[in-house]
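Bear in mind that the values in this text are calculations on the coordinates, not laboratory data. Given the structure is predicted, the values throughout are model-derived calculations rather than measurements. Glycine gets a Cβ as well: all are built from the backbone with ideal geometry, and neighbour counts include every protein chain shown.
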Amino acid sequence: MTGKKRLVFVFASVAALWLIFGGAAFAHDADFEKMGIVKPRTVKSAPEFDLKDLEGNPVSLKDFKGKPILLNFWATWCEACKEELPSMQRLYEHLKPMGIEIVAISIDRSNKDRIKQYVKEYGLTFPILWDPKQTARRGYFIMGLPTSYLVDSEGKLQGFVSGARAWDSPASKDVMESLAGGMGQETQKFAGARGGRIK
């Protein structure tokens, strides 16, 4: 291969890699923007918490080590929270086989039975924790509900969302899958349409 042909080959290879990986990054950024997810200026570790589930079992953030998490703060008196719970359950059913978790923390100060009632009514199967003393709420600076945080598999905060979302949308699924270090289905289509080979 001559020097000129080698140079053309290198440029072509770089361009192809940009289309696959650079394009995928842009696709993920578009999904973050579409979902209204605010990325942190500086990536930091998610604040630790030590709470109990509705059966009284202790649960901490460390229990989910190595798993990407959608960490949601909600309450039974929050109408917007109730609107997004069904889509969150559908997202969980999609993500669970991939090892991605959804953890919802209720900040109701009392009436655990009411929380259990909502869990049963909405058929929620992801972990529900109770924060009656508001310790986790303060640690995550929760000012309004619902609020959700995206935590990657290394326990780092990758973004937060204020307000209800359609969590079972294609954009949401791609965002959560990207936290696991992979490309979501929509991103695969994006790269595949440009000749990218994704294993």
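Odds and ends about this structure:
- Translational diffusion coefficient of region 29-123 (Stokes-Einstein, Kirkwood radius from Cα pairs, 10 °C, 1.306 mPa s): 105 µm²/s.
- Pairs of Lys residues in region 65-149 are counted when their Cα atoms are under 16 angstrom apart and they lie 8 or more places apart or on different chains; the count is 6.
- Bridges between two residues of region 38-181, per DSSP, are antiparallel at a rate of about 65%.
- Prolate/oblate/rounded label for region 38-181 (Cα gyration tensor, a/c 1.5): rounded
- The calculated FRET efficiency for Lys120 paired with Asp63, based on their beta-carbon distance and R0 = 25 Å, is about 0.60.
- With R₀ set to 41 Å, the beta-carbon distance separating Arg41 from Thr76 gives a calculated FRET efficiency near 0.75.
- Sites listed here are chymotrypsin sites (Phe, Trp or Tyr not before Pro) in region 34-129 whose DSSP assignment is loop and whose Cβ has at most 16 other Cβ atoms within 10 Å: Trp77.
- Annotation for region 57-108 versus region 153-170: alpha-carbon center distance of 10 Å.
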